[in-house]
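Structure, as structure tokens:
The values are calculated or read from the model by the stated rules, or taken from the named source; none is laboratory data. None of the values given here were measured: they were computed from a predicted structure. Every residue, glycine among them, receives a Cβ derived from its backbone with ideal geometry; neighbour counts consider all protein chains shown.
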Amino acid sequence: MIEEFYEEVEVQAIFSRRGVRPYAFTWRGRRYRIRSFNLYHSARKGETLFHYFSVSTDGFFAELCLNSKNLRWTLVKVYSPS
């Protein structure tokens, strides 16, 4: 099942010369460790570049979005097995 949320989340990420890579996020008071990094793509909307990360946690897949203009993270979608 795919659910869309578009909720702001707190993300712990590593920024390096190779780019940014999220490694954990906090959503609704619970911290989720990212177990694997699946896909990445970016999209421009007007002057703002958005970075989309498909990640796996224990129990579900998630799509996170980083707004490069304000550096805020959003949980876009959750893919759960049920």
Inset, instruction - Starting from the range 26-41, keep only residues that are closer than 20 Å to E7 by Cα, then list their pairs with residues that are at pLDDT below 95 and among the basic types (K, R) whose Cβ atoms are within a distance under 6 Å, requiring at least 6 positions of separation or different chains. - result: none
Inset, instruction - Please work out which residue is surrounded by the fewest Cβ atoms within 10 Å (Cβ to Cβ), limiting yourself to the range 18-35 and to residues that are more than 10 Å from the chain's Cα centre (by Cα) and at pLDDT below 95. - result: R18
Inset, instruction - Among the residues of the range 39-72, write down those that are loosely packed, with under 13 Cβ neighbours inside 10 Å and of a type in the set (S, T, N, Q). - result: S42, T48, N70
Legend entry - Extreme residue, farthest from the chain's Cα centre (by Cα), among residues of the range 36-71 that are modelled with pLDDT of 95 or more and charged (D, E, K, R): E47
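What are the residues in the range 1-25 that are outside any strand (DSSP E or B) and in contact (Cβ under 8 Å) with a residue 60 or more places away in the chain, if any?
Pass one, the range 1-25, residues outside any strand (DSSP E or B): 1, 17-18.
If the condition is that a residue be outside any strand (DSSP E or B) and in contact (Cβ under 8 Å) with a residue 60 or more places away in the chain, then M1 is the only one that fits.
Yes/no matrix, rows are residues, columns are (1) outside any strand (DSSP E or B); (2) under 13 Å from E8 (Cα atoms); (3) not hydrophobic (A, V, I, L, M, F, W, C):
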residue	(1), (2), (3)
F37	no, no, no
A43	no, no, no
H51	no, no, yes
S54	no, no, yes
D58	yes, no, yes
E63	no, yes, yes
L66	no, yes, no
N70	yes, yes, yes
V76	no, yes, no
